[in-house]
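Below is one structure, written out as C-alpha cells; the observations come after it.
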Amino acid sequence: MQAEYSAFIAAAYGISAVAILALFVWIFFDARAQRKALKGLEARGVRRRSDVAAPRNAESAR
C-alpha cells in the first residue's frame with residue numbers, strides 16, 4: 001500500500017521544492033531590480049524620506 005503512494009508523495013515534494021526555489025529566484029531578481037531603480041532615483045536627486053532626520057521648521061512640527 002505504501003508503494004502506491006510513494007510516487008504521489010515524491011511528486012508533491014518535488015513540486016513544492018520547485019515552487020519554493022522559483023520564489024527565491026524571483027525575490028533575488030526583484031531585489032536586484034529594486035536596488036537598480038533606487039540607485040537611478042538617487043542619481044536623479046530623489047531622496048528617501050528616512051534620510052530626513054528632523055523637520056526643517058521646528059515650529060511646523062508642533
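Here, each number is a calculation from the coordinates, and none is a lab measurement. Values in this document were obtained by computation on a predicted structure and should not be read as measured data.
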Query raised in the report: So for the range 1-52, what are the equivalent ellipsoid semi-axes in whole Å, largest first, each being the square root of 5 times an eigenvalue of the Cα gyration tensor?
Result: 46, 9, 4
**Report entry** Vicinal HN-Hα couplings computed from phi for the range 16-32 (Karplus, 6.51 cos²θ - 1.76 cosθ + 1.60; Hz; Gly/Pro x)
**Finding:** 5, 5, 5, 5, 5, 4, 4, 5, 4, 5, 4, 4, 4, 5, 5, 5, 4
